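What follows is one structure encoded as structure tokens, with my remarks underneath.
The values are calculated or read from the model by the stated rules, or taken from the named source; none is laboratory data. The structure presented is a predicted model; accordingly, all values stated were derived computationally and were not measured. With ideal geometry, Cβ positions are generated from the backbone for all residues, glycine too; neighbour counts draw on all protein chains shown.
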Amino acid sequence: METNYNVSELKNDIYNCIKAGASAVQVLNLLYRNETFVAKESTLWDFKYELNTDNSSLAKVIKLICSFYNSYGGYIIYGVQETIKDKEFLPTKFDIDNIKPAQITSLLENHIDQTIEITFSKTKIKYKNQDFDIGVIHVPYRDKKQSSPAKFIKEAKKNKKNG
């Protein structure tokens, strides 16, 4: 387990990635080194084992995206499992096709009062001579001077405009 990293520098680097809209590869170059993930989650990134397609799991993703958007933006990184609490994160096999950006975008449009333009990118990493899929959702930085925090709504935006 690699512990030789400066948390402040890492957060600053990830924050710059968020503002630039960096892809999965760029983010993983910071968080995955020498076949080891940084043993820390943050207000800027969150590791997830997989994305289930049930309503409860999708609702949690929408809530997490909204939370990231309302703070600094961030990355949700799928295909990483916490094996030792707060100490070890390892790649894991999962069905990357369960991550459907169009479905997530539609849910955001229907349940959040403003547009959050997420992007999804995927890559593969090597761990012990095996390839692992990694999926990364980028939640953009919100300019706090230009837009208010996103809020949940009961009705879809489309229904409000039409009705």
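Structural remarks
- If you go through region 104-124 and keep only what is surrounded by fewer than 14 Cβ atoms within 10 Å (Cβ to Cβ) and either among the small types (Gly, Ala, Ser) or assigned to a helix (DSSP H, G or I) (or both), you end up with just Ser106.
Residue by residue, here is whether (1) at pLDDT below 95; (2) at positive phi holds:
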{"residue": "Asp54", "(1), (2)": "yes, no"}
{"residue": "Gly79", "(1), (2)": "no, yes"}
{"residue": "Lys85", "(1), (2)": "yes, no"}
{"residue": "Glu88", "(1), (2)": "yes, no"}
{"residue": "Phe94", "(1), (2)": "no, no"}
{"residue": "Pro101", "(1), (2)": "no, no"}
{"residue": "Asn129", "(1), (2)": "no, yes"}
{"residue": "Val139", "(1), (2)": "no, no"}
{"residue": "Lys154", "(1), (2)": "yes, no"}
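- Complete set of residues in region 93-142 that are among the basic types (Lys, Arg) and closer than 19 Å to Trp45 by Cα: Lys122, Lys124, Arg142
- Of all residues making up region 66-96, the number that are basic (Lys, Arg) and out of contact with any strand residue (DSSP E or B) (no Cβ under 9 Å at 6 or more places or on another chain): 2
- For region 27-41, the set of residues classified as within 16 Å of Ser8 (Cα to Cα) and surrounded by fewer than 21 Cβ atoms within 10 Å (Cβ to Cβ) consists of Leu30, Val38, Ala39, Lys40, Glu41, listed by residue number.
- Summed over region 11-26, residues that are at pLDDT 95 or above and of a type in the set (Val, Ile, Thr) total 2.
- Note on region 1-96: enclosed helices (runs of 4 or more DSSP H) holding 1 or more residues that are over 26 Å from Lys128 (Cβ atoms) are 7-20, 55-70.
- Of all the numbered requirements in (1) modelled with pLDDT under 95; (2) farther than 15 Å from Lys63 by Cα, Gln114 misses one, and that requirement is (2).
- Among the candidates Tyr75, Tyr49, residue that is buried (at least 17 other Cβ atoms within 10 Å of the Cβ) and either of a type in the set (Phe, Trp, Tyr) or at pLDDT 95 or above (or both): Tyr75
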